[in-house]
2 protein chains.
Amino acid sequence: MSIADAPAIAALNPPRRVLLGPGPSPVDDRVLRSMAAPLVGHLDPIFVRTMDEVQELLRYVFETNNRLTMPISGTGSAGMEAAVANLLEPGEEIVICINGYFGERMHEMALRVGAKPVRVECEWGGPVDLEKTRKAWRDSNAKVLFAVHAETSTGVLQSLEPLREIADERDGFLMVDAVTSIGAHSIGIDRNRIDACYAGTQKALSCPPGLAPVTFSDRAVAKIKARTTPVGSWYLDTNLLTAYWADASGGTGGGARAYHHTAPISMNYALHEALRIVAEEGLEARAKRHQRNHQALVAGVEAMGLAMAVAPEHRLWTLNAVSIPEGVDDMKVRSRLLNEFNIEVGGGLGIFKGKVWRVGLMGAGSTENNVLLLLGALEKCLKDEGYKPKDSGVSAAAAFYAAN
Amino acid sequence: MSIADAPAIAALNPPRRVLLGPGPSPVDDRVLRSMAAPLVGHLDPIFVRTMDEVQELLRYVFETNNRLTMPISGTGSAGMEAAVANLLEPGEEIVICINGYFGERMHEMALRVGAKPVRVECEWGGPVDLEKTRKAWRDSNAKVLFAVHAETSTGVLQSLEPLREIADERDGFLMVDAVTSIGAHSIGIDRNRIDACYAGTQKALSCPPGLAPVTFSDRAVAKIKARTTPVGSWYLDTNLLTAYWADASGGTGGGARAYHHTAPISMNYALHEALRIVAEEGLEARAKRHQRNHQALVAGVEAMGLAMAVAPEHRLWTLNAVSIPEGVDDMKVRSRLLNEFNIEVGGGLGIFKGKVWRVGLMGAGSTENNVLLLLGALEKCLKDEGYKPKDSGVSAAAAFYAAN
């Protein structure tokens with residue numbers, strides 16, 4: 001054997017950042033501790049029960065009875081790829097609403113799996129253009145309509161009912177990205193009759209990144225089963241994953257599980273605990289908390305004379321895009337927030353690069369303390385940059401909290 | 001909102017199993033604790049340094065200077081798919097040596113990405129048939145030759161030099177599965193001139209499953225860059241991943257990192273700590289430890305009159321396939337080991353199902369204590385099943401340890 005000298009690397013000792021960027025969000029200590037539990041095998045009866053419970057909890061947050069509801073063993077982008085790779089066959093059209101970076105990414109992924117995407121170009125920072133979407137849907141032969149429920153790049157929440165209505169014109173499948181809405185804004189998979197939906201764990205669920213919850217309606221499963229070509233990815237093929245995740249008893253536990261891959265055991269422990277926390281708080285209370293802290297942040301931001309990049313009626317509660325005022329250095333402010341205040345805030349993506357800050361108030365990060373802390377720190381940085389706040393953001397937010 | 005009642009699910013409290021199956025292996029407490037560290041952002045300078053260090057440590061265990069060395073954000077099977085999806089283009093031939101379940105899986109994955117696999121059928125439980133492989137290589141137009149270094153389904157270690165020699169007949173690319181050898185058997189990526197290699201974290205590296213270390217030679221990277229078709233998977237495309245993992249400074253740190261997906265932060269903490277433990281022990285010492293415990297297990301198994309399924313010269317140290325004696329109930333013995341002794345041992349896969357037990361002695365699980373414990377427990381279960389051990393396995397292993 002010829003082996004180089006072993007590198008001498010010191011142990012990690014990461015600081016406790018105030019994570020107010022586009023993700024990952026801060027993770028509750030209960031969830032962090034859950035990963036320190038000893039591992040069991042991926043076919044151990046104890047892990048099989050864990051899987052059953054994770055699925056039951058996921059059905060709760062997705063608001064669905066879909067049997068095929070499970071975490072994909074990768075990050076949110078793997079869930080995204082799983083959705084399009086399974087639901088679409090090569091050569092098949094798909095109408096993709098693009099009003100931000102993640103619609104654009106879906107377009108790229110659809111091309112990769114050999115589908116024929118039809119682009120619906122919409123303005124960044126606004127919702128989907130419904131008239132354009134309807135026209136594209138009517139002009140195409142697509143069976144699948146895609147939109148992003150919560151655009152992480154712009155902070156826009158998309159109403160799903162009108163999209164369902166368009167897809168219904170010819171019994172289409174509605175596919176939705178819920179990475180930044182799950183656990184904060186109601187997705188209502190069954191209520192909105194969404195056929196395929198993927199999410200991540202690291203935003204409003206406040207679980208470390210590494211798993212991607214997905215859910216497919218029974219008719220989506222039927223479409224996938226009727227494919228004439230195999231899914232291009234073995235790893236993400238829901239037909240194979242079903243044999244491991246959705247057992248022979250129909251998801252009620254006790255059936256046989258067929259080996260597919262070795263599931264990320266510790267990540268599933270973490271998701272189990274994070275979802276338990278969501279269930280303890282309750283989806284409605286959690287939504288209200290996200291809304292309240294979002295509103296307080298907006299009150300503070302606007303009091304300072306800064307502008308939100310999105311119109312009030314389309315704003316996400318989880319991801320707040322704040323326009324960077326003229327003359328203020330994006331990177332300098334974010335570096336100071338990180339290095340002096342230990343606060344992470346996100347920069348803009350795509351055409352929003354350098355134009356907005358993305359402030360995440362997600363899961364365990366959506367708190368009154370974090371809103372007040374961020375406004376105070378931002379106020380100081382802005383003043384040092386020569387920007388004169390109209391009024392105190394902290395005072396405005398405090399007044400909002402006192403009144404609401 | 002119409003939201004169902006939140007399910008009431010109790011906290012997990014997994015037992016500390018003695019994990020002696022085909023993976024996951026037992027994880028050192030240091031690694032478990034590392035995941036309880038608070039999260040930082042995936043573009044935080046602290047995480048970027050963590051990535052650099054993980055890459056440096058991975059180069060050490062792979063024994064390579066390959067710049068493109070990184071963990072894929074999925075389990076070992078995602079690494080497998082990344083290797084074939086990047087290195088092969090649709091319509092391209094690949095010669096696949098199949099002497100177990102994972103060769104078979106690579107065949108399936110190659111089909112999925114549109115490649116044209118040429119099967120080299122070899123006996124399960126033995127090494128690759130070199131004559132057949134040479135013939136298949138000569139008869140095909142394949143540029144890529146694939147084999148499994150450590151067949152987890154059979155316990156066979158494959159010598160890589162003769163395969164390199166065959167591929168060299170026309171400057172071919174050698175692609176290798178090292179899931180069950182990494183961290184125990186020397187892979188020698190540079191020494192053996194392996195062009196693409198993937199592994200998992202949950203076997204001899206004793207890190208929880210969830211990441212897949214991969215490495216590509218510079219000429220493999222050049223082949224991937226020269227593709228005429230895009231990689232079918234956006235998530236696994238090494239061209240995109242390189243912009244995030246291999247920075248502008250050439251992997252020496254300090255360069256810009258482009259956002260691709262949100263890396264699994266906690267899993268990278270775990271891999272960092274697991275690799276630090278490997279480096280502290282040193283690859284050679286670690287290999288010797290695996291060899292010694294394997295030999296002690298074999299001494300004990302054979303003393304009882306049981307047979308190893310693989311000839312001595314082809315045996316893995318990490319995965320020991322023990323033939324189940326006639327008349328002994330596979331599932332009954334494994335259930336007793338699990339429920340009475342808290343020991344996990346694996347069953348057979350594919351044509352070995354019901355015929356062998358797969359005993360993993362991997363990473364933190366490869367210890368004298370575990371060998372003696374397993375032999376004692378197995379001896380008891382076998383006696384209860386009516387099998388009369390020739391001699392005491394525990395005594396034979398103890399004698400081996402005393403002498404070695």
So what is Rg over Rh here for the stretch A:1-128, counting just Cα atoms and using Kirkwood for Rh?
1.08
For the stretch A:283-403, I need the span (max minus min coordinate) of the C-alpha atoms along each principal axis, in Å, sorted largest to smallest.
40, 32, 27
Quick one: which residues, 5 or more positions from residue A:18 or on another chain, have an amide H under 5 Å from its amide H? H modelled 1.01 Å from N in the peptide plane, none for Pro or chain starts.
A:343, A:344
Modelled FRET efficiency - R0 35 Å, residue B:392 with residue A:243, Cβ distances, 0.05 increments
0.30
Simple Cβ-charge dipole of chain A, Lys/Arg +1 and Asp/Glu -1, about Cα centre, in debye nearest 20:
100
Distance in nm between label sites at residue B:111 and residue A:193, each 7 Å beyond Cα in the beta-carbon direction?
3.7
Taking the dipole about the Cα centre of the protein assembly as shown, with the C-beta of Lys and Arg at +1 and of Asp and Glu at -1, give me whichever of B:360, A:181, A:106 is farthest to the positive side.
B:360
Can you give the average number of partner chain beta-carbon atoms within 10 Å of each beta-carbon in peptide B:227-234, as a whole number?
5
Ordering B:132-142, A:78-88, B:115-125, B:296-306 by per-residue average of other C-beta atoms within 10 angstrom, highest first, gives A:78-88, B:296-306, B:115-125, B:132-142
In percent, what relative contact order does the stretch A:302-352 have, based on Cα pairs under 8 Å that are 6 or more apart in sequence?
24
Determine one quarter of the surface area of the Cα convex hull of the protein assembly as shown, which equals its mean projected area, and express it in nm² to one decimal.
32.7
Quick one: if the Förster radius is 56 Å, what FRET efficiency do residue A:335 and residue B:313 give, using the C-beta to C-beta distance and rounding to 0.05?
0.45
Per residue of B:204-213, other chain Cβ atoms within 10 Å number on average 4
Once every Cα of the stretch B:69-149 carries one equal point scatterer and solvent is ignored, give the base-10 log of I(q)/I(0) from the Debye formula at q = 0.20, 0.25 Å⁻¹, two decimals.
-0.86, -1.20
Taking a point 7 Å out from Cα toward Cβ as the label site, list the nm distances between residue A:8 and the same residue in every other copy, smallest first.
5.7
Whole angstrom only: what separates the Cα centroid of the stretch A:315-361 from the Cα centroid of the stretch B:115-147?
54
If R0 is 30 Å, what FRET efficiency do you get for residue A:218 and residue A:161 from their C-beta distance, rounded to 0.05?
0.90
Would you calculate, for chain B, the mean residue ellipticity at 222 nm contributed by helices, counting each DSSP H stretch of 4 or more residues as -39,500 (n - 2.57) and dividing by all residues, to the nearest 500?
-12500 deg cm²/dmol
Compute the label-point distances linking residue A:168 to its equivalents in the other copies; points lie 7 Å from Cα along Cα→Cβ; give nm, one decimal, shortest first.
6.9
Per-selection Rg to Rh, the stretch A:29-279 - Cα, Kirkwood hydrodynamic radius:
0.96
Which loop trypsin sites (Lys or Arg not before Pro) in the stretch A:1-105, with loop taken from DSSP, have no more than 12 other Cβ atoms within 10 angstrom of their Cβ?
A:16
Positive-end extreme of charge dipole, the stretch A:29-279 - chosen from A:235, A:141, A:58 (charges on Cβ)
A:235
Just from the alpha-carbon atoms, what are the Rg and Dmax of the stretch A:96-236 in angstroms?
14.5, 42
Mind checking B:16-28 for the average number of partner chain beta-carbons within 10 Å of each residue's beta-carbon?
4
With unit charges on the beta carbons (Lys and Arg positive, Asp and Glu negative) and the dipole taken about the Cα centre of chain B, which residue among B:322, B:213, B:96 sits farthest to the positive side?
B:322
What are the label-to-label distances in nm, one decimal and shortest first, from residue A:327 to the same spot in the other copies, with labels 7 Å along Cα to Cβ?
9.4
Restricting to DSSP loop positions (anything but H, G, I, E, B) with no more than 14 other Cβ atoms inside 10 Å of their own Cβ, which trypsin sites (Lys or Arg not before Pro) remain in the stretch B:314-404?
B:353, B:390
Report the far tail of the P(r) of the stretch B:176-326, meaning the percent of Cα-Cα pairs longer than 19 Å.
66
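Read-outs: derived from the displayed coordinates by stated rules, not from any lab. Please read all numbers here as calculations on a predicted model, not as lab measurements. Reconstructed Cβ throughout: ideal geometry from the backbone, glycine too, with neighbour counts over all protein chains shown.
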